[in-house]
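Asker: Encoded as structure tokens, here's the structure I'll be asking about.
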Amino acid sequence: MKTEIIVALAGNPNTGKSTVFNALTGLNQHTGNWPGKTVLQSTGTYSYRDEEFKIVDLPGTYSLLANSPEEQVARDFLYFGNPHVTVVVADATSLERNLNLILQVLEITGNAIVCLNLMDEAKRKGIKVDAKKLGELLGVPVVPTIARTRVGLGRLQYEILNLARTQNREQFQIRYSEKIEDSITKLELKLAAHLGEIGNTRWLALRLLDGDPVVAQSLAHYLTQNKVAAAFDGGERICQGGS
Ligand SMILES: Nc1nc2c(ncn2[C@@H]2O[C@H](COP(=O)(O)OP(=O)(O)O)[C@@H](O)[C@H]2O)c(=O)[nH]1
Ligand SMILES: [Mg+2]
């Protein structure tokens, strides 16, 4: 059987995430709760150019740092679920606010695409966004869309497939002060020894330096189970959840 390409859909509330999700998956949807949480989980599937995609509509969040159950679900899935591609749906009319989440996602994964939605609203308000330039600055594809009328969704599907096949080698990185960078390096070495292939030890080190209790707990859970596949791999358990 062919492996499915797992796509996570992240974004602030009201950016058109569900509209994108519905447009891509149509009736091929499944809803339930995230394991152990009262947070709604929607997954769906679609085919494109002979590939099968499983798309996970994450809860809408403004950040991945605070501690609401929604933010925990989104963050854990992006990190431990290790999706092949993460699409961040952003509101073109308030890019600055949306960039907060975009940058946090890019610190977790370089395999990301920005879906710059509500382009019609932006135009109506006289807001111009240079998608190409933004893509160059962030190092990921930026696809302008009007999800409500499906404008740009063809290109979005194409970019998802393309990224799933190539995977982004150069990840966007925020440099911190020397002292923090030193601590990150030390922690990363220790984490790499335990985690091996799970990757992005830099992000984990940053969260541990934040003193983030939830990440520490998720990490402990992950290490004790070390059944990566059973817990999160490719979203298997997530996608089997629910009714
Ligand atoms: N004008 C316009 N409205 C949109 C677009 N995409 C979504 N919407 C509308 O924005 C509202 C919020 O969309 P929804 O998909 O529920 O957002 P979510 O909270 O991110 O899941 C709905 O009324 C959608 O119909 C778009 O590109 N342009
Ligand atoms: Mg929604």
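The values are calculated or read from the model by the stated rules, or taken from the named source; none is laboratory data. Predicted model only: the values in this text are computed from it and were never measured. Quick reminder, even Gly has a Cβ in these numbers, built from the backbone with ideal geometry, and neighbours come from all protein chains shown. Just so you know, the surface numbers come from the protein's heavy atoms only, side chains and all, with ligands and any DNA or RNA stripped out. Shrake-Rupley method; radii C 1.70, N 1.55, O 1.52, S 1.80 Å.
Asker: Could you order peptides 22-34, 202-214 by the average number of other Cβ atoms within 10 Å of their residues, highest first?
Answerer: 202-214, 22-34
Asker: Whose amide H sits under 5 Å from the amide H of Gly11, counting only residues 5 or more places off or on another chain, with H placed in the peptide plane?
Answerer: Thr61, Val89
Asker: Same structure again: How large is the accessible surface of Ile146 in square angstrom, using a 1.4 angstrom probe and rounding to the nearest 10?
Answerer: Approximately 40 Å² for this residue.
Asker: Name the residues whose placed amide hydrogens come within less than 5 Å of the amide hydrogen of Val151, ignoring near sequence neighbours (fewer than 5 apart) on the same chain.
Answerer: Distant-sequence amide H within range of Val151: Ile146.
Asker: For the chain, what is the relative contact order in percent, using Cα pairs closer than 8 Å and at least 6 residues apart in sequence?
Answerer: 21
Asker: Sticking with this structure for a sec: Among Leu219, Thr19, Val7, which residue has its Cα furthest toward the positive end of the charge dipole of the chain, with +1 on Lys/Arg Cβ and -1 on Asp/Glu Cβ?
Answerer: Checking the options against the dipole of the chain, the answer is Thr19.
Asker: In a Gaussian network model over the chain where Cα atoms closer than 10 Å are linked, find which of Gly126, Gly60, Gly36 has the largest mean-square fluctuation.
Answerer: Gly36
Asker: So, one more: Using just the C-alpha positions of the range 20-131 as equal point scatterers, what log10 of I(q)/I(0) does the Debye formula give at each q in 0.10, 0.14, 0.16 1/Å?
Answerer: One equal scatterer on each Cα of the range 20-131 leads to -0.33, -0.64, -0.83.
Asker: Considering only the other residues whose Cβ falls under 14 Å of the Cβ of Leu40, what net charge follows from Lys and Arg at +1 and Asp and Glu at -1?
Answerer: 0
Asker: With n ≥ 4 as the cut-off for DSSP H runs, can you work out [θ] at 222 nm for the chain, using -39500 (n - 2.57) per run divided by the number of residues, rounded to the nearest 500?
Answerer: -14000 deg cm²/dmol, from helical runs alone.
Asker: Oh, and also: Would you kindly calculate the translational diffusion coefficient of the chain, applying Stokes-Einstein with the Kirkwood radius from alpha carbon pairs, for 4 °C and a viscosity of 1.567 mPa s, and quote it in µm² s⁻¹ without decimals?
Answerer: 70
Asker: Here is a further query. Calculate what fraction, in whole %, of the accessible area of the chain sits on carbon and sulfur atoms when a 1.4 Å probe is rolled over the protein chains.
Answerer: Solvent-exposed carbon and sulfur of the chain make up 51 percent of the total.
Asker: Holding the Cα-Cα limit at 32 Å, pick out from Lys54/Lys179; Lys132/Lys186; Lys17/Lys125; Lys17/Lys186; Lys54/Lys125; Lys54/Lys133 the pairs that are longer than that.
Answerer: Lys54/Lys179; Lys132/Lys186; Lys17/Lys186; Lys54/Lys125
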